[in-house]
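Notes follow once the structure below has been shown.
The values are calculated or read from the model by the stated rules, or taken from the named source; none is laboratory data. If you're wondering where the values come from, they're calculated on a predicted model, not measured in any experiment. For neighbour counting, all protein chains shown are included, and Cβ atoms are generated from backbone atoms with ideal geometry for every residue, glycine included. The area values use the complete protein model at the heavy-atom level, side chains included, leaving out ligands, DNA and RNA. Shrake-Rupley method; radii C 1.70, N 1.55, O 1.52, S 1.80 Å.
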Amino acid sequence: MALSIGGVSIPKRWIWSIFVALAFGITASKGLVATSAAGDLEWILDLTAAVAAAWAIRWGFRQLREKNMIENIPKSSIRSVAMGLAEITGQAVNEGTLPAPLSGTMCVYYRYLVEEERSSGRRGSEWVTIDQGESSSPFRVEDPTGRILINPLGGEAMLGRDYRDIARDGGWLSRRTRRTEWRIHPGDFVYVIGNVAKLHDIVADERLELQQRLQQIKKDPGTVKRFDLDGDGTINTQEWAGAVAVIKDEIFRDRVSRPAEPQDNLCIGKGDVEDTFLISDRDERSVVRSLGWRAFGAVAAGGAGVVVMAASIVGRFGVLPVRWTFPWESLLR
């Protein structure tokens, strides 16, 4: 969807960014004039907080969009899943396990976070992230109808915490370190919404196999004799056409005789157009509830932040009483 202005089409996703950029530019230009006279740069903190609150609102609406999408997309069995955005549930398969980095527990997927406790002045202390990561190895999920590959790269993991440890690595005088880990183990329930795509093109694979078999005919005298109908030791144009038809039929029969597992050629991951991709160990109802609370909290907090900072900025310009300005000075002492 796009907004057309003067014949120029502007994508809808750009409209919010353009609005924020314009507001930032206008406020900055006015703020520079005010601060050059008063020497007070607290409006910069107001503006920074307002932009952060605006991005919180945007993130909240994204969570709301994801929630609505999950509610509107029907769950598919793995065998009947279609290309594009889809929702599946199943159990993690016990194959290709790997050790989680903090606990050493064998799993099919992990995410970890390492934080360090640091002093933050009057507010006491806070945990600061010093390392984080997740596994990138694909894993399989199965339901009663079949199996499908999950490529976790770029996905959002909504998992219950499996491990936490708080310790002082360098003795009592060192800072405390908090290590947290989330995992998916073989046999765990897995909920996934993401983009379903083919791992490879079956038609292209069959074409390549045909080419390889035809090349083998020319190299193998025994195979040449098979298609040399007139016995002259060579394969003429008519005999070659017959050989191509026979090899095609053999490839088709081989494919039909294999176990029917079409989902083995499919993978769920992050799409190029629709990038919604979530992996969870909760059921759909719990995921929807969490996304709903996230959206409500982000939009409510972001909206309040924008209102408070906007009032503070206007107050610094003298339009509103000084008491409307945010007390950064007292907080930063």
> If you check every pair at least six apart or on different chains, which have Cβ atoms under 6 Å apart with a residue in region 53-81 that is under 15 Å from E274 (Cβ atoms) and touching a residue at least 40 places away in the same chain (Cβ under 8 Å) first and a residue that is surrounded by 15 or more Cβ atoms within 10 Å (Cβ to Cβ) and charged (D, E, K, R) second?
Replying inline: I73/E87
> What are the pairs, 6+ residues apart or on separate chains, where a residue within region 99-111 that is more than 13 Å from D131 (Cβ to Cβ) has its Cβ under 7 Å from a residue that is crowded, with 20+ Cβ neighbours inside 10 Å and charged (D, E, K, R)?
Replying inline: A100/E181; A100/R183; S103/E181; T105/R183; C107/R183; Y109/R183; Y110/E181; Y110/R183
>> When the residues of region 53-84 are narrowed to those that are of a type in the set (G, A, S) and exposed (fewer than 14 other Cβ atoms within 10 Å of the Cβ), which ends up farthest from the chain's Cα centre (by Cα)?
In response: S80
> Out of A295, A301, which single residue is open to solvent by 50 Å² or more (accessible area, probe 1.4 Å), modelled with pLDDT of 85 or more and over 21 Å from K75 (Cα atoms)?
Replying inline: A301
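Filter region 46-91 down to residues that are of a type in the set (S, T, Y) and more than 30 Å from V314 (Cβ to Cβ) and give me whichever is modelled with the highest pLDDT.
So the first thing to find is which residues in region 46-91 are of a type in the set (S, T, Y), and the list is 48, 76-77, 80, 89.
Then drop every residue that is not more than 30 Å from V314 (Cβ to Cβ), which leaves 76-77, 80, 89.
Working: S76: 84, S77: 87, S80: 84, T89: 91.
Ranking the candidates gives T89 first.
Could you run through region 120-136 and say how many residues are open to solvent by less than 50 Å² (accessible area, probe 1.4 Å) and either within 22 Å of L266 (Cα to Cα) or in a strand (DSSP E or B) (or both)? Let's see the steps before the verdict.
The initial filter retains those residues of region 120-136 that are open to solvent by less than 50 Å² (accessible area, probe 1.4 Å), namely 120, 124, 128, 133, 135.
Right, trim to either within 22 Å of L266 (Cα to Cα) or in a strand (DSSP E or B) (or both) and you get 128, 133, 135.
Residues that pass the stated criteria total 3.
Listed here are the residues, each with its yes/no results for (1) on the phi < 0 side of the Ramachandran plot; (2) of a type outside the set (G, A, S); (3) modelled with pLDDT under 70.
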| site | (1), (2), (3) |
| --- | --- |
| I166 | yes, yes, no |
| R175 | yes, yes, no |
| L208 | yes, yes, yes |
| L214 | yes, yes, no |
| A241 | yes, no, no |
| V244 | yes, yes, no |
| I247 | yes, yes, no |
| E250 | yes, yes, no |
>> Quick test for you: out of N236, N265, pick the one residue that is at pLDDT 70 or above and under 48 Å from the mean Cα position of the chain (by Cα).
In response: N265
> Only one of (1) part of a strand (DSSP E or B); (2) open to solvent by 50 Å² or more (accessible area, probe 1.4 Å) is not met by W172, so which one is it?
Replying inline: (1)
> Only one of (1) modelled with pLDDT of 90 or more; (2) under 23 Å from the mean Cα position of the chain (by Cα); (3) over 23 Å from L199 (Cα atoms) fails for S103. Which number is that?
Replying inline: (2)
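Taking region 158-168 as the region of interest, how many residues are buried (at least 18 other Cβ atoms within 10 Å of the Cβ) and in a strand (DSSP E or B)?
Qualifying residue count for the region: 1.
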